[in-house]
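The values are calculated or read from the model by the stated rules, or taken from the named source; none is laboratory data. Keep in mind it's a predicted model, so treat the numbers as computed, not measured. Positions of Cβ are backbone-derived with ideal geometry, glycine not excepted, and every protein chain shown enters the neighbour counts. Ligands, DNA and RNA are excluded from the accessible area calculation, which covers all protein heavy atoms including side chains. Shrake-Rupley method; radii C 1.70, N 1.55, O 1.52, S 1.80 Å.
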Amino acid sequence: MEYFLLICVLLLVGVIIVMFFMMRPSTNNKKEMRLLLAESEKQQQAGLWNLQKQMNEQLQYFQKEMTSSLKADMMDLRETTTQRLFSIEKNVNNHLQQGYTSTNQAFGKVMEQMGKLDESQKNLKEVSMSIASIQNVLTDKKTRGIFGEIELYTLLENAFGLDQKRFAKQYKLSNGSIADAVVFAKAPLHMICIDSKFPLENYNRCMEETRKEEKARLHRVFVSDVKKHIKTIHDKYILPEETAEFAYMFLPAEAVFSYIYGNCEEIIQYSYEQKVYLVSPTTLMAYITAIKAIYLGIERNENMISIQQELKKLQVEFERFEKRYQTIYHDFDKCYQDMKLMQITTDKMIQRFHEIEEVKLEKTDQ
């Protein structure tokens, strides 16, 4: 803007000079005009040259300033970019390290869980083998009967221990029948027979069947089988004057027992009529516990006189103990009083000994 004003001023000065000389009345106007124009042209050229020189200098200065500023900005940008890149690299490395640590931990946990899964798989294999062996046992009727007897004997031993006066296994009755177990009780119960039955085949078929008509038919077959077992137990194990007026049919499977009581009312009614009561492992233990309590109560009542006699004998011993205790107490009290008197005498002797030692003889009479 300053250079533009300077050029305008120079041009205006040149125009004024030319107009001034043109207005002067002289014969040599043309010659002077030429000289003035030439001089003015020289001055204008000199001004233009100076102006161009100054503009070149200013351009060089601005170029230098711009170059140094750009260099400084580029250096700042470079340092800032380097710092940012270093910070980003550091954060990335930290995240990668954390991710690597987390991955290692997760992999370790996965390996640990895999080990546990291997153990669980082994346990499942063992369980499946056990289930298969149990299924093999329950499939055969003979082994199924042995399984029921073993469970029955385990319950009796848990209730009575090994006391053979309370129960017996494979007991032979007067009619030649052999009961799986009998429980000996006092009158009026007498001896209670327990027979183990495991009607599983038709029960499983009924549970697995999906057709309604076939399921109903298998249900009727199952009911008929259980009734036959009840009838057999009634005829073999309920004997007048020898056994109790009832017997127990032991069902080792709680599921079969629940199915009968939930869906087979005719079996329950028939068992009451035949006085053959159905029991499962849970209900049999309750019955045995009640019989055991009754047995102990009857034994206490029968031995009440003997217990009273023994208590009288024990009372005599208590009285004798009380007399001897009183004697010892009096002797101890007398000994205690004698010890107190002896302590008083001893204290006096020791005190007098110290007085004599200190030549305090005036207290001799005391």
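Collect the residues in the range 206-233 that are within 20 Å of residue 148 (Cα to Cα) and either out of contact with any strand residue (DSSP E or B) (no Cβ under 6 Å at 6 or more places or on another chain) or surrounded by fewer than 18 Cβ atoms within 10 Å (Cβ to Cβ) (or both), keeping them in residue-number order. Within the range 206-233, 222, 223, 225, 226, 227, 228, 229, 231, 232 meet the criteria. Quick check on residue 109: is it more than 43 Å from the chain's Cα centre (by Cα) and at pLDDT 70 or above? Here the answer is no, as residue 109 does not meet what is asked. Can you find, within the range 269-297, the residue that is most open to solvent (accessible area, probe 1.4 Å) among those that are over 18 Å from residue 163 (Cβ atoms) and β-branched (Val, Ile, Thr)? Across the range 269-297, the extreme among qualifying residues is 282.
Residue under question is residue 304, and the condition is that it be more than 25 Å from residue 155 (Cβ to Cβ) and under 45 Å from the mean Cα position of the chain (by Cα); does it hold? For residue 304, the condition - more than 25 Å from residue 155 (Cβ to Cβ) and under 45 Å from the mean Cα position of the chain (by Cα) - is not met. Give the range 172-186 a look and list any residue that's free of Cβ contacts under 8 Å to residues at least 60 places away in the same chain and in a loop (DSSP other than H, G, I, E, B), or say none. Answer for the range 172-186, where residues must be free of Cβ contacts under 8 Å to residues at least 60 places away in the same chain and in a loop (DSSP other than H, G, I, E, B): just 176.
Residues in the range 263-272: is at least one under 43 Å from the mean Cα position of the chain (by Cα) and in a helix (DSSP H, G or I)?
Scanning the range 263-272 turns up at least one residue that is under 43 Å from the mean Cα position of the chain (by Cα) and in a helix (DSSP H, G or I).
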